[in-house]
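Notes follow once the structure below has been shown.
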Amino acid sequence: MSILVIGATGKTGRRVTQRLADAGHAVRGVSRPVFDWERRETWAPALTGASAAYVTYSPDLAAPGAPEIVEAFVKTATAAGVERLVLLSGRGEAGAQRCEGLLRAGDVVVRASWFNQNFSEGHLLGSVMSGLIALPAGDVAEPFVDVDDIADVAVAALTDARHAGRVYELTGPRLLTFADAAAEIAEAADRDVAYVSLPAPDFHAALVPEVGPELADLLTALCEEVFDGRNASVTDGVRQALGRPARDFADFCAAAASSGAWT
Ligand SMILES: NC(=O)c1ccc[n+]([C@@H]2O[C@H](COP(=O)([O-])OP(=O)(O)OC[C@H]3O[C@@H](n4cnc5c(N)ncnc54)[C@H](OP(=O)(O)O)[C@@H]3O)[C@@H](O)[C@H]2O)c1
């Protein structure tokens with residue numbers, strides 16, 4: 001039996017795969033075309049022989065149609081004999097929380113706030129490099145979480161039965177506005193980085209040529225949903241799962257800068 005990682009080339013999946021392999025577990029990392037959320041015939045072959053699976057859903061659990069797809073996926077996993085699913089979910093997203101409710105009793109939810117690594121590996125890397133982070137986030141405060149912490153929690157949940165049935169809500173240890181985050185990145189990277197709050201329609205209009213209307217609709221709606229202050233609090237989810245504190249944004253900035261992410 002092996003542990004399956006879905007989305008193994010992504011920010012969290014890559015780390016989960018590496019950690020499992022380093023610890024000597026039999027691990028199988030998949031993404032398209034081997035496993036494709038849009039091609040159900042790819043699911044059962046990927047799940048066969050897996051005792052547990054780390055599940056990242058693309059583009060987002062809040063996307064239209066996601067609950068039907070997740071429901072069918074859970075059925076397929078059950079039929080394939082997969083004992084535990086560990087689902088990466090989004091904090092404060094009603095659609096994602098609906099999908100969490102489709103899991104089985106012993107499955108695990110890793111419900112994360114905004115990732116630190118959005119600024120160094122994700123969709124905001126280009127913004128950092130251009131010197132301007134433009135989001136419809138006003139001056140809302142976010143407890144940015146580190147994907148290394150998410151990966152550590154996911155690996156623990158995949159490999160230790162004591163985590164069965166848990167919901168871990170993961171944040172970093174500190175609230176920062178996007179202006180604060182830009183300032184800390186600028187300091188660590190030694191470059192000019194500023195934040196500007198965009199009205200949602202302007203954000204949407206700028207996104208359409210980049211990602212198409214469907215994804216632009218989804219991302220704009222998500223920003224409007226989660227940047228209303230609902231996530232402006234920290235949790236002790238990392239400590240609950242791992243018995244140690246969450247990584248601070250300043251440590252992330254120092255590591256990203258020294259790795260050359262912003263060079
Ligand atoms: N970014 C955040 O701040 C944040 C916060 C909370 C939750 N989340 C959730 O995190 C999840 C994304 O996880 P991540 O950040 O680790 O990944 P990611 O870096 O966004 O990469 C996406 C992964 O999914 C794969 N993928 C894309 N489309 C796919 C499809 N149709 N079928 C199968 N695989 C597909 C990609 O590989 P290929 O392109 O090779 O297929 C890649 O491995 C999403 O559900 C998102 O809602 C994100």
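Output the number of residues of segment 25-34 satisfying the condition of being surrounded by fewer than 21 Cβ atoms within 10 Å (Cβ to Cβ) and under 22 Å from the mean Cα position of the chain (by Cα). Let's see the steps before the verdict.
Of segment 25-34, the ones surrounded by fewer than 21 Cβ atoms within 10 Å (Cβ to Cβ) are 25-26, 28, 31-34.
Then keep just the ones that are under 22 Å from the mean Cα position of the chain (by Cα); that gives 28, 31-34.
Of the residues in segment 25-34, 5 are surrounded by fewer than 21 Cβ atoms within 10 Å (Cβ to Cβ) and under 22 Å from the mean Cα position of the chain (by Cα).
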Per-region count, segment 181-207, residues assigned to a helix (DSSP H, G or I) and farther than 19 Å from D251 by Cβ: 8
Test: L175 is in contact with an Asp or Glu (Cβ under 8 Å, 6 or more places away or on another chain) and under 19 Å from D251 (Cβ atoms): yes
Only listed residue being touching a residue at least 40 places away in the same chain (Cβ under 8 Å) and of a type in the set (K, R), chosen from R39, R32, R15: R15
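Checking the condition touching a Ser or Thr at 6+ places or on another chain (Cβ under 8 Å), within 12 Å of the ligand (Cβ to nearest atom), touching a residue at least 24 places away in the same chain (Cβ under 8 Å) and β-branched (V, I, T), which residue from V110, V70 passes?
Numbers: V70 fails: touching a Ser or Thr at 6+ places or on another chain (Cβ under 8 Å).
It is V110.
Can you name the helices (runs of 4 or more DSSP H) wholly within segment 92-180 that have at least 1 residues being over 19 Å from the mean Cα position of the chain (by Cα)?
125-130, 147-159
Considering only segment 100-140, state which residues are among the small types (G, A, S) and closer than 30 Å to E71 by Cβ. Break it down into steps so the answer makes sense when it comes.
Step one: of segment 100-140, the residues among the small types (G, A, S) are 101, 105-106, 112-113, 120, 122, 126-127, 130-131, 134, 137-138.
Passing the criteria: G101, A105, G106, A112, S113, G122.
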Of all residues making up segment 165-183, the number that are surrounded by fewer than 18 Cβ atoms within 10 Å (Cβ to Cβ) and over 27 Å from E100 (Cβ atoms): 4
Filtered residues of segment 35-67 (kept if over 20 Å from the mean Cα position of the chain (by Cα), crowded, with 19+ Cβ neighbours inside 10 Å and within 12 Å of the ligand (Cβ to nearest atom)): W43, A46
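Quick note: the coordinates plus some simple rules give every number you see, no bench work behind them. Computed from a predicted model, the values in this text were never measured in an experiment. Glycine also receives a Cβ, built like all others from the backbone with ideal geometry; neighbour counts cover every protein chain displayed.
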